[in-house]
Amino acid sequence: MTRRTDIASYLAEQRKLAGRCSRQIKDFSVFEFHHVPDEPLVRDECKTLIDELVRFEISGIATHQAIIGSRGSGKTLTVKYLQRIVSSQTDLDFVYVNCRHHSTTYKILAHLLGVQPRGPSLPELFERFCRQHSRKTVVALDEVDLMSAKDRRREILYLLSRAERPFMVVMLSNNPQVLKELDAATRSSLQPVPLHFRNYNAEQIAEILRARAQRGLHECDDATLSEIAALTVRLTNSDARLAIKTLQYAVMSSDKELRACFEHARRDLVVDLISDLSDATLMILWAAATSKVDFAKEIYARYSRFSRQQREKPFSYGYFYSNLSYLQSIGLVALVSTKKERTYANRVQVTFDPVITSEICSLRFNR
Ligand SMILES: Nc1ncnc2c1ncn2[C@@H]1O[C@H](COP(=O)(O)OP(=O)(O)O)[C@@H](O)[C@H]1O
Ligand SMILES: [Mg+2]
């Protein structure tokens with residue numbers, strides 16, 4: 001047993017250590033994920049988007065955009081940065097909403113209007129939205145794939161594409177499937193142009209880290225930044241978030257090896273990601289993480305059994321598979337097609353320690 005005085009001295013020691021490490025830090029905000037740097041690294045794809053915005057400002061004719069890229073490829077940052085400069089340097093209005101937090105058309109509009117999501121009907125709300133935005137308006141819908149199943153048709157996209165007022169939709173998603181999932185009417189009136197954000201390379205990640213270090217730290221050597229960047233690119237989908245978190249841990253625990261800081265950051269992010277999954281997607285991930293055989297068909301059978309035990313009707317195979325590609329898009333699994341008895345079969349590889357899923361599952365479900 002630990003005595004109270006031991007705990008007190010441990011606390012004092014840890015505070016001293018943390019104080020010494022944090023003295024290296026000038027500005028903690030550079031480690032926050034929603035931090036928007038004054039001068040972010042501009043990727044080429046961003047220029048394409050700017051060209052489209054300028055065209056829209058001049059002509060009022062919108063080419064709607066669908067930004068697709070893996071987690072941490074800078075989608076949210078790019079759009080938020082553009083919102084800042086477009087609002088100050090052009091005649092366009094620019095509104096932003098995250099569909100993870102406002103997950104139906106009704107809630108999105110209520111949020112953008114700053115009203116409670118109850119009361120007026122949807123057409124009334126949309127009418128008010130149109131009245132409020134009499135200028136040409138860019139509507140950025142982040143994480144559009146996470147809209148609720150209640151709004152499976154993603155009505156907002158249809159409404160915006162059909163409105164008499166000039167709106168330009170910029171939708172963002174980790175999941176390339178989102179375009180296929182649009183219903184035919186929406187797709188044909190919206191005709192979104194996909195804009196793929198490639199994964200960052202090690203140089204770009206190092207550049208992002210360098211900018212944070214210059215602003216937020218008193219000193220940091222370039223070799224450390226390059227090493228973090230190399231690990232991020234080699235072992236993940238180049239998630240810039242992971243690189244930034246690793247840098248934070250490296251600065252705050254100067255005695256730890258970089259690789260240990262990287263693993264610590266990776267574990268934290270995976271726990272966050274898995275905790276955010278819906279029940280059904282979590283069951284699918286659990287089946288993949290605990291199955292002895294990694295073929296998709298077997299995993300589907302395992303998931304279906306689990307789902308029934310939880311008194312939930314399992315998804316069809318097709319819907320199950322689109323959930324797997326969602327899990328791939330956020331970097332939790334890798335889908336590989338391999339040859340099996342003269343046909344092709346899909347294998348599912350889990351990219352993290354499977355124990356984490358089991359732990360989260362046992363918290364969420366009665367197991
Ligand atoms: N080009 C960039 N310049 C500076 N920071 C970046 C850049 N791209 C990404 N980041 C940072 O990396 C993290 C993840 O980026 P984010 O835009 O949230 O990714 P996504 O939305 O694609 O998942 C954020 O903290 C963001 O500020
Ligand atoms: Mg994002």
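The slack between SER362 and ARG153, meaning 0.36 nm per residue of separation minus the straight C-alpha distance, is 72.0 nm. Each of ASP44 and ASP91 was given a label point 7 Å from its Cα along the Cα-to-Cβ line. The distance between the two points is 3.3 nm. Applying both filters, DSSP loop and at most 16 other Cβ atoms within 10 Å, to the trypsin sites (Lys or Arg not before Pro) of the range 254-288 gives LYS256. Rounded to the nearest 20 debye, the dipole magnitude of the range 27-105 is 340 debye, with +1 charges on Lys and Arg beta carbons, -1 on Asp and Glu beta carbons, and the Cα centre as origin. The modelled label-to-label distance between GLU13 and TYR317, using points 7 Å beyond Cα along the C-beta direction, is 5.9 nm. If both residues of a DSSP beta bridge must be in the chain, then about 35% of such bridges are antiparallel. Measure off, as a whole percent, the carbon and sulfur share of the 1.4 Å-probe accessible area of the chain, all protein chains present. That share works out to 49 percent.
Rolling a 1.4 Å probe over the protein heavy atoms gives the range 200-270 an accessible area of 47 Å² per residue. For LEU195, the residues 5 or more places off, or on other chains, whose built amide H falls under 5 Å of its own are ALA66, ILE67, ILE68.
So if we plug the beta-carbon distance of ALA184 and ASN346 into 1/(1 + (r/R0)^6) with R0 = 22 Å, what FRET efficiency do we get, rounded to 0.05? That gives a FRET efficiency of 0.25. Find which of TYR317, ILE68, LEU179 sits farthest along the positive direction of the dipole of the chain, computed with +1 on the beta-carbon of Lys and Arg, -1 on that of Asp and Glu, about the Cα centre. The residue sitting most towards the positive pole is TYR317. By a 1.4 Å probe calculation restricted to protein chains, LYS107 has an accessible surface near 80 Å², given to the nearest 10.
Taking every Cα-Cα distance in the range 45-94 and sorting them into 5 Å bins from zero, the calculated P(r) comes out as 4, 19, 30, 27, 13, 6, 1 percent. Note on the range 240-285 and the range 80-94: Cα centroid distance 32 Å, given to the nearest whole angstrom.
Scalar couplings 3J(HN,Hα) for the range 76-84, obtained by applying the Karplus form with A = 6.51, B = -1.76, C = 1.60 to θ = phi - 60°, are 4, 4, 4, 5, 5, 5, 4, 4, 5 Hz; x denotes Gly and Pro. Taking the centroid of alpha carbons for each part, the range 308-331 and the range 51-66 are 36 Å apart. Near ALA140, the amide H atoms lying under 5 Å from its own belong to VAL95, TYR96, VAL97, VAL170; only residues 5 or more places off or on other chains count, and H is placed 1.01 Å from N.
Normalised radius of gyration (Cα atoms, divided by 2.2 N^0.38 Å) for the chain: 1.11.
Test of understanding: given the chain, find the longest segment containing no GluC sites (Glu not before Pro) that are in a DSSP loop and have at most 15 other Cβ atoms within 10 Å. The longest such stretch corresponds to 33-163.
The dipole here belongs to the chain: it is taken about the Cα centre, uses +1 on the Cβ of Lys and Arg and -1 on the Cβ of Asp and Glu, and is about 1140 debye.
The mean sequence separation of alpha-carbon pairs under 8 Å and at least six residues apart, normalised by the residue count of the chain, gives a relative contact order of 18 percent.
With contacts taken as Cα pairs under 8 Å at a separation of at least 6 residues, the range 1-131 carries a relative contact order of 12 percent. With contacts taken as Cα pairs under 8 Å at a separation of at least 6 residues, the range 94-207 carries a relative contact order of 27 percent.
The values are calculated or read from the model by the stated rules, or taken from the named source; none is laboratory data. A quick note: this is a predicted structure, and the numbers were derived from the prediction, not measured. Cβ atoms come from the backbone with ideal geometry, glycine included; neighbour counts cover every protein chain shown. Note: areas computed on protein heavy atoms with side chains; ligands, DNA, RNA excluded. Shrake-Rupley method; radii C 1.70, N 1.55, O 1.52, S 1.80 Å.
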